[in-house]
Every structure is written in C-alpha cells, then in structure tokens.
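The values are calculated or read from the model by the stated rules, or taken from the named source; none is laboratory data. For clarity, every value in this text was computed on a predicted model and none was experimentally measured. Cβ atoms come from the backbone with ideal geometry, glycine included; neighbour counts cover every protein chain shown. Please note that ligands, DNA and RNA were not included when accessible areas were found on the heavy atoms of the full protein model with its side chains. Shrake-Rupley method; radii C 1.70, N 1.55, O 1.52, S 1.80 Å.
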Amino acid sequence: MESVGYTPGKASATAAGLAEAGGGVLLALGLATPAAGAAAAGAMAGAAAVHAPAGFFAQAGGYEYAVSLGLTAAGLAVTGPGRLSVDHALGHAVNRGWMVPAAFATVAAATAVVVGARNKRVRKAAEGEQEPLFA
C-alpha cells in the first residue's frame, strides 16, 4: 500500500481488506446493509483514487472497475436488504432508515481524509519530477 501512497502500509492494507471483504460478506448475507455498503463503497473510492491517473477504462489500468463496484455497493446500501436476508430475519434491527445517511456521512468523511492525505503525499513525491520535453 505504501507503493501507491497509503501509509502506514500494513495498517492501510488491513483496513482496506476488512472494508472490502467484510463489507462484501455482510452485503451477501444482507446484514448491517447500510454500514456494509458504505464501507465497501469507501474502499472502492480509495482504489479509484489509485487508478485515476490511468484514465477511466479498466483495460488501461483505469478506475472503471473500482467505480462500478463502489456504485453497486452504494446502491445495495441505499435499497436495503430483501426478504431473504439476515436483516429481515432479525426484524431490521441493524437496518434503520437513519443508518444509511449516518453510514455514508461517516465513511465519506473518513475516505476524504485518507484519500486526501494520500494524494498530498503522491503530489509531494512527484514534486520536481519532470517528464521529458521530447520523447
């Protein structure tokens, strides 16, 4: 993770892995859907920041795939779980209407801080580097 600007590397990798895997498992189970979808969407926003310089399309290493996964996770968080879900079986105890905006606000703030700090480090590291004028 440090090679792409996220420091400390081990802690960043652990947080990203938990958000992606944990959010995905919870979404598949239909448990804590607002928090799970927001966490997965936040992780994909971080991945999209890494791939943004390569452009949109995934064939060229762009952010297309990360954005599509993030939007899917966000859509699932907003629409909520269906009848065949753990949330439904628990009487929607961890899926209340107020939880969606709260989860997205929390994750958006955390993602903005983390990605902003990463972008600042990447810009500072690239400072002074100049591409050849004639290639």
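Listed by position, the helices (runs of 4 or more DSSP H) inside the range 37-135 whose residues that are among the polar types (S, T, N, Q) number at least 2 are 64-79, 99-126.
Anything in the range 31-65 that is over 29 Å from TRP98 (Cβ atoms) and open to solvent by less than 20 Å² (accessible area, probe 1.4 Å)? List them, or say none.
The initial filter retains those residues of the range 31-65 that are over 29 Å from TRP98 (Cβ atoms), namely 50-65.
GLY62 - this is the single residue of the range 31-65 that is over 29 Å from TRP98 (Cβ atoms) and open to solvent by less than 20 Å² (accessible area, probe 1.4 Å).
Yes/no matrix, rows are residues, columns are (1) touching a Gly at 6+ places or on another chain (Cβ under 6 Å); (2) of a type in the set (Phe, Trp, Tyr); (3) under 21 Å from VAL114 (Cβ atoms); (4) modelled with pLDDT under 95:
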position	(1), (2), (3), (4)
ALA32	no, no, no, yes
ALA39	yes, no, yes, no
ALA48	no, no, yes, no
ALA52	no, no, yes, yes
ALA58	no, no, no, yes
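Among the residues of the range 69-88, is any out of contact with any Asp or Glu (no Cβ under 7 Å at 6 or more places or on another chain), hydrophobic (A, V, I, L, M, F, W, C), open to solvent by 30 Å² or more (accessible area, probe 1.4 Å) and closer than 28 Å to THR7 by Cα? Yes; the residues of the range 69-88 include at least one that is out of contact with any Asp or Glu (no Cβ under 7 Å at 6 or more places or on another chain), hydrophobic (A, V, I, L, M, F, W, C), open to solvent by 30 Å² or more (accessible area, probe 1.4 Å) and closer than 28 Å to THR7 by Cα. Just one of (1) farther than 20 Å from ALA109 by Cβ; (2) within 12 Å of the chain's Cα centre (by Cα); (3) small (Gly, Ala, Ser) fails for GLY55. It is (2).
The residue that is surrounded by the fewest Cβ atoms within 10 Å (Cβ to Cβ), counting only those in the range 89-122 that are in contact with a helix residue (DSSP H, G or I) (Cβ under 8 Å, 6 or more places away or on another chain) and small (Gly, Ala, Ser), is ALA93.
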